[in-house]
Structure formats: C-alpha cells, structure tokens
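Below you'll find the structure, written out as structure tokens, and then a few comments.
The values are calculated or read from the model by the stated rules, or taken from the named source; none is laboratory data. Everything numeric here is computed off the predicted structure, so don't read it as measured data. Don't worry about glycine lacking a Cβ; one is built from the backbone with ideal geometry, like all the others, and counts go over all protein chains shown.
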Amino acid sequence: MTHVLRARRLLTEEGWLDDHQLRIADGVIAAIEPIPAGVTERDAELLCPAYIDTHVHGGAGVDVMDDAPDVLDKLAMHKAREGVGSWLPTTVTTPLNTIHAALKRIAQRCQR
C-alpha cells in the first residue's frame, strides 16, 4: 500500500525542502519528491521525523511508576502529541519490589 504526505516544508538529512511530498510504500519511505504542479492541498505545514525520548518518567499527570492499567497508554498519547515516536519508560530509585512491579507492567504493555 502506498501513502503520500505533502507538506509546505519537509525536513530531510540535507535540510528543509519546500513544497515536497513523502511517498511511503509498504511502510518504507520510497521517495521524497516535489509536489506535482497544480496540486494545492497539503497534509501538513511542517513534516519532520519523530523524536526518540530515551528517558521518560512520566507526563500528562501520570508516572511510569503508577500502578494503573492505562498509564503507559496515556504516556504514549502524550508523547505522540509532543512529536515523540519512540520513548523509553524510566523508573526511579525506590524499593526493588516497586521497580520490579513497574518493569512487569511495562513488559506486559510491550507484549500487546
């Protein structure tokens, strides 16, 4: 399946490109190309890669250590709104059994 995302400005490793589109085929970037003449709609003002956050204790009013079923889902949605595509849940210094419980919840969520 092929998707096309068009943006007024698109960030690449070479820098910003104006009025370009990203063609995605089977989940892989197949091409970055100028938007064809006459096409006026844009999917985004700016299009850039998602960030990777390697140290996340919490956000949006929840904490990785919280013992609640939807904590990681809430964090994932919060991080996505911030432009983060991948993130690493990070525990805090606390008794070992509390850390183990948090890690078990994280592992279970990763299995879904």
- Message: Going through LEU11, LEU22 one at a time, which residue ends up being surrounded by 16 or more Cβ atoms within 10 Å (Cβ to Cβ) and farther than 30 Å from LEU103 by Cα?
- Response: LEU22
- Would you pick out the residues in segment 5-38 that are in contact with a Lys or Arg (Cβ under 7 Å, 6 or more places away or on another chain) and in contact (Cβ under 8 Å) with a residue 24 or more places away in the chain? ARG6, ALA7, ARG8, ALA30, ILE35
- When only residues in segment 78-112 that are small (Gly, Ala, Ser) and more than 15 Å from ASP66 (Cβ to Cβ) count, which is surrounded by the fewest Cβ atoms within 10 Å (Cβ to Cβ)? ALA107
- Item | Segments classed as strands (runs of 3 or more DSSP E), wholly inside segment 1-101, with at least 3 members that are within 21 Å of ARG112 (Cα to Cα) and at pLDDT 95 or above | 51-56, 84-89
- Taking the stated definitions as given, is ALA101 among the small types (Gly, Ala, Ser) and farther than 30 Å from LEU22 by Cβ? yes
- Note on the structure: Within segment 33-45, residues farther than 11 Å from ASP19 by Cβ, surrounded by 12 or more Cβ atoms within 10 Å (Cβ to Cβ) and not small (Gly, Ala, Ser) come out as ASP43
- Query: All but one of (1) on the phi > 0 side of the Ramachandran plot; (2) surrounded by 13 or more Cβ atoms within 10 Å (Cβ to Cβ) hold for GLY61; which doesn't?
  - Reply: (2)
- Look at LEU75 and say whether it is at negative phi and loosely packed, with under 13 Cβ neighbours inside 10 Å. no
